[in-house]
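Each remark here refers to the structure printed beneath this line.
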Amino acid sequence: MSAPLLAARGITHVYTGKPALDGVDFTVRAGEVHALMGQNGAGKSTLIKVLTGVESPRAGEMALGGSRIVPTSTLHAQQLGISTVYQEVNLCPNLSVAENIFAGRQPMKPWPRGGGIDWRTLNSRALGLLRGLDVDIDVRRELGSYPVAIQQMVAIARAIDISARVLILDEPTSSLDSEEVERLFAALRRLRSQGLGIVFVTHFLDQVYAISDRITVLRNGKLVGEWPVEDLDHAALIAAMVGRTPEAPPVACGATGDAPAAPGTPVLSARGLARRGSVNGVNLDVRRGEILGVAGLLGSGRTEVARLLFGLDRADAGSVAVQGQEVVLHDPAQAIAHGLGFCPEERKTEGVVEDLSIRDNIVLTLQARAGLWRRLPAAHVREITDRLAKLLDIRAPDLDGTIGTLSGGNQQKCMIARALATQPCLLILDEPTRGIDVAGKAEIMNQLVALAREGLAIVFISAEIEELLRVSTRITVMRDRVQAGTLAGDCGEEAVYAMIAAAPAPVSP
Amino acid sequence: MRALVRWHLFWPCLTLALLIALNAVVNPGFLAFEWRDGHLYGNLVDILNRAAPLALVATGMTLVIAARGLDISVGAVVAISAAVAAVMIGGSLSLGDAEAVSRFPMWLAILAALAIALACGLWNGALVVGVGMQPIIATLILMVAGRGVAQLVTGGQIITIYYPPYAYLGNGFLAGLPFAAVLAAAVIALTQLLLSRTPLGLYVRAIGINPVAARIAGIRAKPITLALYGFCGLLAGVAGLIVSSNVRSADANNAGQLLELDAILAVTLGGTALTGGRFSLVGTALGALIIQTLTTTIYSLGVPPEVNLVFKAALIFIVMLLQSPEFRAGIVRLARQPGA
Amino acid sequence: SGGADGTKSDAGAAKPIVLGFSQIGAESEWRTANTVSIQGAARDAGITLRFSDAQQKQENQIKALRSFIAQRVDVIAFSPVVETGWETVLREAKTAKIPVILTDRAVEVSDESLYVSFIGSDFVEEGRRAGRWLTEYYSTGKGKDFKGDINIVELQGTVGSAPANDRKAGFAEIIAADPRYKVIRSQTGDFTRAKGKEVMEAFLKAEGRKINVLYAHNDDMAIGAIQAIEEAGIKPGTEIIIISIDGVKGAFEAMMAGKLNVSVECSPLLGPQLMSTVKDVVAGKQIPKRIVTEESVFPMETAAQEFPKRKY
Amino acid sequence: MNTAAVRILGLDRRLVPLAATLALFIGLVVYGAVSYDAFLSPQVFLNLAIDNSFLCIVAIGMTFVILTGGIDLSVGSVLALTTMAAAALSKLGWSPWILVPLLLAGGSAFGAIQGFLIHRYRLQPFIVTLAGMFVARGLCYLIDTASIPISAPFFVAMAEARIPVGGGNSLSSGAVIAMITVAVALWLAHSTRFGRTVYAIGGNAKSATLMGLPVGSALVRVYAFSGGCAALAGLVMSVYMLSGYSLHAVGLELDAIAAVVIGGTLLTGGIGYVAGTVVGVLILGIIQTLVIFNGTLSSWWTRIVIGILLFLFCVAQRLIEARAGQKR
Ligand SMILES: Nc1ncnc2c1ncn2[C@@H]1O[C@H](COP(=O)(O)OP(=O)(O)OP(=O)(O)O)[C@@H](O)[C@H]1O
Ligand SMILES: Nc1ncnc2c1ncn2[C@@H]1O[C@H](COP(=O)(O)OP(=O)(O)OP(=O)(O)O)[C@@H](O)[C@H]1O
Ligand SMILES: [Mg+2]
Ligand SMILES: [Mg+2]
């Protein structure tokens, strides 16, 4: 057993009111992957911020390799040997991918060759690094032009390349699909064997068991315990996080249960929807009570379909009909007026309005639909937000506080709440469960199925095939920005994977 | 007490109080009021009166800034509105028997001036929203050309307004208080009411904080932003009327000169972030009062003109640092250290 | 392609003279009258005028002069924003053999031959005249019975500008002779009515009826200040003696109403003088280095009879 | 036409605004050449470089500040203060070998203090540099309200130095200094870690901090650089005018900001080019030249025409950009 690499003792941190961390001990050993687990708002991200000097704790101390440290900033932590990927993608969208990876540590040309940054080396090293993670992109393009999943991979590449002693990853896999996760794990195993201590936060339990050696569980800012991974099975882990033995496993099931409620005219139907440089020829029909899953690999164009359907981007060709009426969608406001609801993929840039209160954030779309002059009565707002917060289990000390003070998962729940608040006839959800904990995810799935049973039509985009299969009535598959085909909801994992992989599958209408 | 210190307007209020106290110490008559000819007379009344145009302009500016914009053309719009009103009212010198004649009815002149100011604001908004220019450049165009337009209207002359009723706007008194100040207060109060009773305030903040998210949430940012620029222009127009009425003349070249800087300064002193989102109209009004009190302080202390700017800068530095939580924390730490 | 030449080109069948003129800006009525006078005179004299407005910036004036040199105009004239900083560009003009005439303000150069002539007034002298009128008023004029200190407040022009510096200096020079004259407050009013009024308001609040005399560096500030004085319930022109400089129409109106005591003239009507000088220069005649404009002092008693003659 | 050019030249999409601006500049030149006889003479263009050298230097410094998402309103006053100090001190007989480094250091220190306040106490750049503007202008008045001629041999020699560029035409020392500054700035922006950190801060300051970039020190250095540029521009102007004057360069900060923004830099930071700023300066200069060449405009029409030209230019720029963006 190796001596602790990074040890934190009695960390207490208070934002306002209730402590976010309360006397937490945390130890990382060299050559281990240490999973940091807990429900949304348990304090994982806060602990990481304290460890890396972003927040200074009210009490407690830290030691790295036996000597006491007081990190004062990310830069300082990096110099000490702690490299971090924070929860939301924290990179600069205006810089190229390669620059983001090497910002602050660019390779320099020697003076005889003029000094300055060696762009060629920089780009080729970035390319190599990303290829190692099986991401093959133009590293000279701005980061902002890539979807979150790619950005997440870039952030990981950056952190990995800063060959530090401790590597901290806060929910790095929330947007990744299984293949990327596998590649990431391969890289992590390599680093582990080199003796790094790796801290890994995720809400996917199978990932925990796939890679970690040790698990620390937090609950409500307190340490629950630390276990070698062998000593804590699935059920015990959930019990430790939730604080009670979980009830019967979640039973969400859309397709395999009842048949779709109303066959009639589709709530939404798209014909030949296309946009240059984006997706091509998408045909969709979503009926009342139906959950249409959208599957596909990273960058396959799922998000772009959702954006076209919601009027966020203008389609070059094709038509969209809502309730049988053809409509022109040039602005999200129009889509909302037609009864569509949307939960965007990138909550940080496209969803959350940071300085507004949680309540305002939740009712924002509902309010916007009411027009410029009519303000929703305060009592009404309170009633709606209270109900949704309870329904989705949003854990906030005060719903009148700003949404920026919520943990990542709780912010995501607010985004779902915002979409639900309008009581749309069609709901488009792009990776709605990103960063939501196990219990919350099951709960949300159940809610969606229940809503569908009441007659709501849902377009559900997710990177997790399993999740899709669990709730979808039908699944449409995107491949290389073209619709590859549509499958029945009970087709089974293999069929979906087969269609996702380039194998030309028969196209069913 | 703690809640009071946390209140976001605490520091602007304290600053204003300190400035007034400084004046009162140096000049004991500073706080004195007098009832003269049916109205209040005194330094504080002057400050209110003088701050009115700035407060109006800064109110419009606050909203534009809150929605991630900027309007540096307000000074030019003040000049245009003043010029239009002056040229339309005009009148001629009449010695002795003050015969009140104006070229056009006064209400028409005022309406015309305000309509043109509104149009100027909408023009700015159209460039920003419709053409997609950066706000500073869009309004720079009007800032440069607008003063030229004003001079074109006046023919480069200072147009003196001989029509006595017009002087009421900038010199008159309502219920003993300067009419301009009452007008500004009313405008600010109404705007505040409008923003809090309708969802407009929420929309403006959302647009300012995260325009992308606001659009996805279904807020129609374009018409709102356009309206904000229009409103800003309109208020600059009102300020133009007050300024021209106050000196009974329109000076196209100098009216509202550098007003945009003062307005932005007032906005910042009031705690509004120039990056958009968070804003406070009352804060802005306080900011305008602080700036005017500062100017008056300079006059009443008898600061020599060469030192004016350094003095003003020193006070601004003190005000800013006081408002910075980091600075206050630093001071507290310094104060604790020797004791501990 | 000089499209807009003069209508009358009786100056000869040859090409009309091209004059490049760089004006400071249009910051005041006075300046506008100056511009109008020059443009009108050029038209009457059949001289093609290339006019450029510098918007108060010396950089722009230098740019304009350079551009005139590049365009090879016959004569360059300009009203300098400030006295210094012209050496280099004037040398360039000299190299290009283009004669330069200064109007309204002089420049400070090491070599007098860089310009042919200076037409205009003398700001220091204007300040002196204002001072002299005041001392006369209190020694031999209406105020000779006044006892005690004479408290003066001064409204300065824009800080750093040449007229403000010079008018302050000239006035101070004269009143320094008698210790009774005390400048108790002096603040800038930026040459505008609005600032003049604002500053005067503050003076009145601070000093009240102690103020005997107001000296304003231009008429506009005086006009603004008069309003402030009236609003304070004091009679301008009698309870407070008011002196200002320029002699614009507004000042005459105030004088006729008995609210302004005197305005020292500073004539902007340099156009005709400038054009005849330009013609002489082109004709190769000998020119005096300094051409002083005729200016007088207008006390309020003469205002009514002078008023109809005023052009600006 | 422009989109075709983009495709043919294989331009980076991010360079489209820059290319558009340059194309429009050439358009303005052609317009001038068609309208006015003497317009196409080489000296007209050299004058563009000579007369705008200090604006160019100031705008370069401003570019870095704006790239971080900040603004520096103090530059015009710092420039004026430098001319005053140069004039006053050289009158006292100070050697230029001491004076020049001293003034450059002074300007940088002035900027660094502003940067420190902005970073350390989280003050808004606008208000800090506005106060800085008042301080510097106020210090000018304290030195002297009148203008001070400069007759020190070093400055005179610099002023008279002309770098021949053939055909009897020449450049001033100031123009050459401006060009060197541009070269240095290009290198700083695109080839140093400092420059890239500046871009990163503008992209997202919070992210830059979380990426472990030295945000604080970069901010201080950016404002110091801007202050240094202003001081350098002040020296260039001292040479150009051979005088120090407290009212020099009033409003220059706005021209500089306009040049930067016209050059395609976003005021919100993170996106823009030093080269764009140079084109922006040239655009402002050529507009001014066009107006002067016209020679028939009254004072107010001068303003209106400048406004109209700016308007036409910006609209054209936006249209080209929008079209290029669509067809990427
Ligand atoms: N900036 C902040 N201000 C105030 N409170 C905060 C802030 N950030 C987090 N909190 C609170 O601290 C607690 C812990 O949040 P933290 O982000 O650490 O949770 P987490 O375990 O990372 O959850 P998730 O899985 O949702 O990311 C939460 O109750 C949250 O509301
Ligand atoms: N490997 C890649 N190479 C180049 N571009 C990519 C790649 N992956 C994604 N993109 C970019 O992503 C866009 C399509 O992404 P979109 O967000 O629609 O995909 P998605 O299926 O929603 O994937 P995800 O949400 O998992 O990132 C395209 O415009 C493309 O430019
Ligand atoms: Mg978290
Ligand atoms: Mg996606």
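Here, each number is a calculation from the coordinates, and none is a lab measurement. Keep in mind it's a predicted model, so treat the numbers as computed, not measured. Glycine also receives a Cβ, built like all others from the backbone with ideal geometry; neighbour counts cover every protein chain displayed.
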Among beta bridges that DSSP assigns inside the protein assembly as shown, antiparallel share in %, nearest 5
45 percent
Within straight-line cross-link reach of C:K94, aspartates and glutamates at Cα separation under 17 Å, skipping those fewer than 8 residues along the same chain:
C:D74, C:E108, C:D111, C:E112, D:E160
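May I ask you to work out the translational diffusion coefficient for the stretch D:3-327 at 20 °C, viscosity 1.002 mPa s, via Stokes-Einstein with Rh from the Kirkwood sum over Cα pairs, reported in whole µm²/s? Please list the in-between numbers first.
On the way: Rh = 20.5 Å.
D = 105 µm²/s.
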Mind ranking B:177-183, A:463-469 by how tightly packed they are, going by the mean number of other C-beta atoms within 10 angstrom, highest first?
B:177-183, A:463-469
So what does log10 I(q)/I(0) come out to for chain C at q = 0.09, 0.13, 0.14 Å⁻¹, using the Debye formula with one equal point on every Cα and no solvent?
-0.50, -0.91, -1.01
From the residues A:I384, A:G404, A:M415, which one has its Cα farthest along the dipole of the stretch A:352-423 in the positive direction, the dipole being from +1 and -1 charges on Cβ of Lys/Arg and Asp/Glu about the Cα centre?
A:I384
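Based on DSSP H runs of at least 4 residues, each adding -39500 (n - 2.57), what is the mean residue ellipticity at 222 nm of chain A after dividing by all its residues, to the nearest 500 deg cm²/dmol? If you can, show how the numbers build up before the last one.
Working: 16 runs with 167 residues, N = 509.
Estimated from H runs of four or more residues: -10000 deg cm²/dmol.
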Report, by chain and number, residues whose modeled amide H sits under 5 Å from the one on B:T272, excluding near sequence neighbours (fewer than 5 apart, same chain).
B:S280
Each residue of the stretch A:158-168 in order: what ³J(HN,Hα) in whole Hz does its phi give by Karplus 6.51 cos²θ - 1.76 cosθ + 1.60, θ = phi - 60°, with x for Gly and Pro?
4, 5, 5, 6, 6, 5, 9, 9, 10, 10, 10
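Determine the shielding of peptide C:20-29 by partner chains: average, over its residues, the number of Cβ atoms on other chains within 10 angstrom of each Cβ. Don't skip to the end; give the middle numbers.
Details: counts 2, 1, 1, 3, 1, 4, 12, 6, 6, 7.
Taking the mean over all residues of the peptide, I get 4.
Hey, got the average number of other protein chain Cβ atoms within 10 angstrom for residues in D:91-103?
Numbers: counts 0, 0, 0, 0, 0, 0, 0, 0, 0, 0, 0, 0, 0.
Partner-chain Cβ atoms within 10 Å, mean over residues of D:91-103: 0.
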Taking only the alpha carbons of the protein assembly as shown, the radius of gyration and the largest Cα-Cα distance, Dmax, both in angstrom, are 35.9, 116
Over all alpha-carbon pairs of the stretch B:162-304, lay out the pair-distance distribution in 10 Å bins, whole %, shortest bin first.
10, 32, 34, 17, 6, 1
Over what distance in Å are the Cα centres of the stretch C:40-77 and the stretch D:227-293 separated?
23 Å
Scoring only Lys, Arg, Asp and Glu (+1, +1, -1, -1) among other residues with Cβ under 10 Å from the Cβ of B:G42 yields 0
Starting at the first residue of the stretch D:295-306, write each ³J(HN,Hα) from the Karplus equation 6.51 cos²θ - 1.76 cosθ + 1.60 with θ = phi - 60°, in whole Hz, x for Gly and Pro.
x, 10, 7, 6, 4, 6, 5, 4, 4, 5, 5, 4
For the stretch A:352-423, state what percent of all Cα-Cα pairs lands in each successive 5 Å bin, counting from 0 Å until the bin that includes the largest distance.
3, 19, 32, 27, 14, 4, 1
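Counting only other chains, what is the mean number of Cβ atoms within 10 angstrom of the Cβ of each residue in peptide C:203-216? List each step's numbers first, then the result.
On the way: counts 3, 1, 12, 10, 2, 1, 0, 0, 0, 0, 0, 0, 0, 0.
Going residue by residue through C:203-216 and averaging, the value is 2.
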Give me the lysines in straight-line cross-link reach of C:K147: C-alpha distance below 21 Å, same-chain residues under 8 apart excluded.
C:K182, C:K210, C:K235
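Using alpha carbons only, what's the Rg to Rh ratio of chain B with Rh from Kirkwood? Provide the component values of the computation, followed by the final result.
On the way: Rg = 21.1 Å, Rh = 21.1 Å.
A ratio of 1.00.
Sorting check: for A:28-41, A:223-236, which peptide has the highest mean count of neighbouring beta carbons within 10 Å, and how do the rest follow?
With the highest mean Cβ count within 10 Å placed first, the list reads A:28-41, A:223-236.
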Distant-in-sequence amide H partners of A:L218 (H built 1.01 Å from N, under 5 Å):
A:M37, A:G38, A:V224
In percent, how large is the relative contact order of chain D, given Cα pairs closer than 8 Å and 6 or more residues apart?
35 percent
Regarding the stretch A:4-242, what are the three Cα extents along the principal axes, ordered largest first, in Å?
56, 36, 34
Compute the long axis of helix A:178-193 from its Cα atoms, compare it with the longest principal axis of the Cα atoms of chain A, and write down the angle in degrees, 0 to 90, nearest 10.
0 degrees
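Okay, helix-only estimate at 222 nm for chain C: each DSSP H run of n ≥ 4 adds -39500 (n - 2.57), divide by all residues, round to 500 deg cm²/dmol; what do you get? If you can, show how the numbers build up before the last one.
Values: 10 runs with 127 residues, N = 312.
About -13000 deg cm²/dmol.
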Using modelled amide H (1.01 Å from N, peptide plane; none on Pro or chain starts), what sits under 5 Å from the amide H of C:E265, excluding residues fewer than 5 places away?
C:D246, C:S296, C:V297, C:F298
Just to confirm the number: angle between the C-alpha axis of helix C:162-175 and the first principal axis of chain C, 0 to 90 degrees, nearest 10?
40 degrees
Computed on Cα atoms, Rg of the stretch D:119-276 relative to 2.2 N^0.38 Å comes out at 1.22
Short version: ³J(HN,Hα) in whole Hz for each residue of the stretch B:241-250, in order, from phi by Karplus 6.51 cos²θ - 1.76 cosθ + 1.60 (θ = phi - 60°), x for Gly and Pro, what are they?
4, 4, 4, 5, 5, 4, 9, 6, 6, 10
Orientation-averaged projected area, Cα convex hull of the stretch B:1-62 (nm²):
6.1 nm²
Filter the cross-link list A:K18/A:K44; C:K205/C:K249; C:K57/C:K309 down to pairs whose alpha-carbon distance in this structure exceeds 23 Å.
C:K205/C:K249; C:K57/C:K309
Rank-order C:111-121, A:199-209, D:203-213 by packing density, defined as the average count of other C-beta atoms within 10 Å over each peptide's residues, highest first.
D:203-213, A:199-209, C:111-121
Round to a whole angstrom and tell me the spacing of the C-alpha centers of the stretch A:96-160 and the stretch A:163-181.
17 Å
